[in-house]
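To start, the structure under review is shown below, and the notes come after it.
Coordinate-derived values only; no laboratory data. Predicted model, so just to flag it, every value in this text is computed and none were measured.
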Amino acid sequence: MDSFIRITIKLCNALHTSRQLRPVIRSLSVNAAKTAVQAFVSTRLDYCNSLMYGIADALMQRLQAVQNAAARLITGARRRDHISPALRQLHWLPVRQRVQFKLAVLVFKALHGLAPQCLTDDCQLVSAAGRRQLRSSDAVTCVVPRTRTCLGDRAFGVAGPRLWNALPISLRQSDLSLGQFRRALKTHLFDCVCRA
């Protein structure tokens, strides 16, 4: 319940800020408006958003409404217009995919030694886990521990490896740099949104 209250407060703050920006945005260029909205609204949506993995759909829809309002503010789209073209024009992922993006990047960093040790310990490859040799060992898959609760399924040690294993093999290659991985992952997530 405490997290629900915090998310709601952040939601209200972000909506209030976007309403205050409306008169200013009209006098700015599109790039300047995009920068201003990203500074005030998008940063609040992205702050600790990897903790929002697996939250209730109703909460996710509230956060998506904030992003939709920000996109309409920049593009000048009306409330009744479909929001997908505006998000695509701004090259913004929907909130659920932003959360998946952040979580997948954290797993990538953990597997490549770029994350703190506490995160690295939660992400072990099947090939490095000291188990018997499997065909899946070559596919760069992570060990997913079993849990008994929905809250346990949201933990980084479970959700991160599960999300990592769901990515295409081309994204899980070990020869990608962090920048290449981020670009390829964003493209993959955009393709998933467009297909849905």
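Listing for the model above:
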read-out: Full-extension gain in nm, Phe40 to Ser27, via 0.36 nm per residue minus C-alpha separation; value: 3.0 nm
read-out: Distant-in-sequence amide H partners of Cys142 (H built 1.01 Å from N, under 5 Å); value: Val126, Asn165
read-out: Segment Leu178-Thr147, length gained on full extension (0.36 nm per residue, minus Cα span); value: 8.2 nm
read-out: Overall dimensions of region 98-195 as given by Cα atoms, namely Rg and Dmax in Å; value: 13.3, 40
read-out: Extension gain, Gln20 back to Asp81 (0.36 nm per residue minus Cα-Cα distance, nm); value: 19.8 nm
